[in-house]
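A quick write-up on the structure given underneath.
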Amino acid sequence: MIRHLLSAGDLDAASAVQILDSAEQMDAIQHRLVKKLPALRGRTVVNLFFEDSTRTRSSFEIAGKWLSADVINVSAKGSSVSKGESLRDTALTVAALGVDALVVRHSSSGAVQRITEWVDCHVINAGDGTHEHPTQALLDAFSLRRRLGELTGRHIVIVGDLTHSRVARSNVLLLSTLGAQVTLVAPPTLMPAGVHSWNCTTSWDLDATLAGKVAGDVDAVMMLRVQRERMGSGSSGGRAADVGYFPTEREYAIGYGLSPARLDLLPEHAPVLHPGPMNRGLEISSMAADSGRSLVLDQVRAGVAVRMAVLYHLLAGADEAGSAAAGVTS
């Protein structure tokens, strides 16, 4: 098994399926009265977050605690980082406390990779800049497998602010590794540089894509948040249109939002995903977000199970996966 999880590209099909299968076992304990496994007893996991996050940090914290690890949360706000300490010194200081794993979120792409060069413990990328978010891709795949079955040959459409999305990059890598076909849809201004080299199809026409006219019938659609906070400080009131990515938010919603009419273009079996938080009325309508097709809350629940599986495989070793599964089902 890999030592660190920095990118969805670190996983081949076998290791990705192994984590997803373990997550199925881990998910069973969410229905228990006592939600505990002894798998990581005596291990220490530090969530080192230089960037705010509610879903990711909370799910990593719950995952570690349900595996009986000692979990410590360290936020950049109020820590030595806010006093000017460097990333290297912060990472070395925390690692020197004898931790077994660092779960790191940082606003700069590549920062988590650098940390692995300085510390000896396991490192998990919980999101770095606009680069990657591998555990989000895993939980998305977990949710999709539960709804659709095996993903080989499935057509997954990802729509929205691709330029600033670490989720899109990780999903293209993981879903294609699992045999799915991926189509990315966005206005030209939000298509990432170098996207032609990614293992996916691209389109600027959302209606044609959802209607199956670009790369065939759609099996699922994932809407991405318009990340106003990454679109430059020149925007007035946080409006992306002011920095030139699209004319107005209304025009973006008309062109690329998942409206009720667009929801009707999807085949009946096709679910809707969103990694959250959602801008309702912008990239997704409330009707789509709250419909029976929506897997948004399933994704949140899947986050705990998937992150339990990742922590287990990195810290306890894949060779003991059978004993973990036995502990879940016993």
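The values are calculated or read from the model by the stated rules, or taken from the named source; none is laboratory data. None of these values were measured; they are calculated from a predicted model. Cβ placement follows ideal geometry from the backbone for every residue including glycine, while neighbour counts extend to all protein chains displayed. These area figures cover heavy atoms from the full protein model, side chains too; ligands, DNA and RNA do not enter into them. Shrake-Rupley method; radii C 1.70, N 1.55, O 1.52, S 1.80 Å.
Restricting attention to the range 119-141, does a residue exist that is over 13 Å from the mean Cα position of the chain (by Cα) and more than 17 Å from residue 47 (Cβ to Cβ)? Before you say what the answer is, go through the steps one by one.
Keep residues of the range 119-141 that are over 13 Å from the mean Cα position of the chain (by Cα), which gives 119-123.
Now drop any that are not more than 17 Å from residue 47 (Cβ to Cβ), which leaves 120.
Checked the range 119-141: at least one residue is over 13 Å from the mean Cα position of the chain (by Cα) and more than 17 Å from residue 47 (Cβ to Cβ).
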For the range 181-201, enumerate the residues that are open to solvent by 60 Å² or more (accessible area, probe 1.4 Å) and within 24 Å of residue 128 (Cα to Cα). 188, 189, 193, 196, 197, 199
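Considering only the range 34-113, give the strands (runs of 3 or more DSSP E) lying wholly within it that have at least 1 residues that are in contact (Cβ under 8 Å) with a residue 12 or more places away in the chain and surrounded by fewer than 19 Cβ atoms within 10 Å (Cβ to Cβ). If you could, list the steps in order and put the result at the bottom.
Details: elements: 44-49, 70-75, 101-106.
Answer list for the range 34-113: 44-49, 70-75.
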Being among the acidic types (Asp, Glu) and modelled with pLDDT of 95 or more narrows it down to one of 89, 52, 21, so name that one. 21
Subset of the range 293-330, residues at pLDDT 95 or above, part of a loop (DSSP other than H, G, I, E, B) and open to solvent by 10 Å² or more (accessible area, probe 1.4 Å), comes to 293
For residues that are over 16 Å from residue 224 (Cα atoms) and surrounded by fewer than 24 Cβ atoms within 10 Å (Cβ to Cβ), tally how many sit in the range 125-141. 0
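Report, by residue number, each residue of the range 5-19 that is open to solvent by less than 40 Å² (accessible area, probe 1.4 Å), in a loop (DSSP other than H, G, I, E, B) and not hydroxyl-bearing (Ser, Thr, Tyr).
Filtering the range 5-19 for residues open to solvent by less than 40 Å² (accessible area, probe 1.4 Å) gives 5-8, 11, 15-16, 19.
Now drop any that are not in a loop (DSSP other than H, G, I, E, B), which leaves 6-7, 11.
6, 11, listed by residue number.
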For the range 161-179, state whether one or more residues are among the small types (Gly, Ala, Ser), in a loop (DSSP other than H, G, I, E, B) and more than 18 Å from the chain's Cα centre (by Cα). yes
Residues that are farther than 22 Å from residue 302 by Cα and open to solvent by 10 Å² or more (accessible area, probe 1.4 Å), drawn from the range 147-180: 153, 163, 164
Of the conditions (1) out of contact with any Ser or Thr (no Cβ under 8 Å at 6 or more places or on another chain); (2) open to solvent by 20 Å² or more (accessible area, probe 1.4 Å); (3) at pLDDT below 95, residue 282 clears all except one; give me its number. (2)
